[in-house]
Amino acid sequence: MEIILYFILGAIISVLSGFFGVGGGFILTPILLLLGFSPIVAITMSLFYSMATSGSGIAGHIRLKNILWKEGFILGSSGVIATQFARPFVFFLERRGFDEIVIPVFYIILLSYFAFKMLTGANGAIIESNAATHPSYIKLALIGFFGGFISTALGVGGGFIIVPLTIAFLGFHPKKAVGTSLFAVLMIVSVGFISYALTISIDYRVGLLLAAGGLLGSQFGAKLTSYYQQKEIKVYMALLYIATLLSVVLKLMEISMIGLGILALFIGFFFTKSFVKLKTGVKDAV
């Protein structure tokens with residue numbers, strides 16, 4: 001039963017990963033914390049999972065022409081540099097016994113900010129500005145570095161930071177932001193995982209089960225973006241941030257089961273809505 005549950009969990013998260021461009025670990029790390037894994041093991045396992053799902057999700061976005069390769073390489077390269085600063089920081093927190101508090105609090109702050117950012121911009125028109133056509137390389141590098149640091153410090157793909165920042169500050173079209181972020185995320189999480197794996201041990205059986213399930217769903221998640229309007233993608237991303245935020249807060253209050261229930265409600269709603277869209281077969285033309 002445990003094998004089936006981890007496999008299904010990996011598949012569900014990978015669909016969300018491919019749809020939102022968040023690398024999977026953004027959702028998986030809080031769930032692993034809720035399930036009782038230590039922060040540093042949850043981080044390492046999530047980076048391993050993100051590596052598998054991001055690589056698979058890229059294939060779907062290549063077919064949809066959603067990846068800006070040069071911009072993605074700049075984001076990813078600066079993020080890789082940041083991983084070498086983040087790992088020592090996490091081990092410092094663990095040695096001091098602060099990891100159980102500091103890491104969830106980081107999640108709460110970031111999730112609150114990005115949920116607000118997505119919701120306040122959700123009703124605006126989607127405009128690809130000149131910044132999207134000729135983005136600032138300095139801004140790309142700074143966004144990539146920030147995303148890479150948070151990725152390795154929290155065990156997330158970095159996409160949940162890179163996607164909204166490239167939309168808000170560089171004017172990227174949401175679908176391009178999702179595809180480009182997955183390419184950058186693959187670079188970042190690969191280096192981040194190797195950095196941790198050389199130092200600590202994890203249950204690779206669980207990691208492989210999660211990854212195996214993950215390989216099934218990420219391309220399907222990328223395909224789903226063609227059935228949603230841009231403002232819908234932003235609203236659902238904001239709702240995902242809020243659901244995850246509440247689960248982390250409840251974890252700190254030691255009522256993890258309610259947090260898992262909130263995440264399950266969001267996931268159930270999203271998949272029900274997506275099933276209806278697939279049945280009607282109407283794609284978004286924008």
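The values are calculated or read from the model by the stated rules, or taken from the named source; none is laboratory data. Keep in mind it's a predicted model, so treat the numbers as computed, not measured. In this analysis, Cβ positions are derived from the backbone assuming ideal geometry, glycine residues included, and neighbour counts consider all displayed protein chains.
Structure notes:
- When the criteria are applied in full, T199 meets the requirement of being β-branched (V, I, T), surrounded by fewer than 16 Cβ atoms within 10 Å (Cβ to Cβ) and touching a residue at least 40 places away in the same chain (Cβ under 8 Å).
- Helices (runs of 4 or more DSSP H) contained entirely in region 21-122, each with at least 3 residues that are more than 21 Å from F7 (Cα to Cα): 39-63, 69-96, 99-120
- Count of residues meeting criterion [in contact with a Leu (Cβ under 9 Å, 6 or more places away or on another chain) and either closer than 10 Å to G147 by Cβ or modelled with pLDDT under 85 (or both)] in region 166-178: 2
- If the condition is being among the hydrophobic types (A, V, I, L, M, F, W, C) and surrounded by fewer than 19 Cβ atoms within 10 Å (Cβ to Cβ), then region 203-223 contributes L208, A212, L215, L216, F220.
- Residue tally, condition within 16 Å of E2 (Cβ to Cβ) and part of a helix (DSSP H, G or I), over region 193-225: 10
- Test: residue in region 73-81 that is closer than 25 Å to V235 by Cα, at pLDDT 90 or above and under 17 Å from the mean Cα position of the chain (by Cα): yes
- Reported count of residues in region 32-51, each being crowded, with 24+ Cβ neighbours inside 10 Å and either at pLDDT below 85 or closer than 22 Å to L68 by Cβ (or both), is 3.
- Picking from residues in region 250-266 that are in contact (Cβ under 8 Å) with a residue 60 or more places away in the chain and crowded, with 18+ Cβ neighbours inside 10 Å, the one that is nearest to G57 (Cα to Cα) is L263.
- The requirement of being in contact (Cβ under 8 Å) with a residue 24 or more places away in the chain and not in a helix (DSSP H, G or I) is satisfied by F172.
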